[in-house]
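J.: For reference, the structure I am asking about is given below.
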Amino acid sequence: MFRRFTQLTTRSIATRSMLLRGGHGQQHFNEPGGYLFDRKPGEKYEEEGWETIYIGGMSLAFVLIGLGVYYKPDTRIRTWARKEAERQMLAEGDVLEYKKTDYRA
């Protein structure tokens, strides 16, 4: 009797949990309708309210990021070292500009 009771309870638990998780029934299949995005040819597209705001916001963000990258200050270590070396050379009186020669090796 105890065995029969445990079989019934475990079966009902397994069935109930499969039903809660969607089970393993037949797969759902949408039959193709033949239209892209389910819009018939020639049908006028009706915009939703969020689309204009989204496109405008993304365009503005793209422009602002592009401007930010273009005008970003040069913070590379090599640039700083070159400026520092030029400053020290000028302080010591060295020449920074060299004359071009026609020497060919």
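J.: Straight-line reach only, C-alpha to C-alpha below 22 angstrom: list the lysines that Lys99 could link to, leaving out same-chain residues fewer than 8 apart.
T.: Lys83
J.: Follow-up question, since we're still on this one. Summarise the accessible area of region 24-86 (1.4 Å probe, protein heavy atoms) by the percent that is carbon and sulfur.
T.: Percent of accessible area from carbon and sulfur atoms in region 24-86: 61.
The values are calculated or read from the model by the stated rules, or taken from the named source; none is laboratory data. Keep in mind the model is a prediction, meaning the values are calculated, not measured. Calculation scope for accessible area: heavy atoms of the full protein, side chains included, ligands and nucleic acids excluded. Shrake-Rupley method; radii C 1.70, N 1.55, O 1.52, S 1.80 Å.
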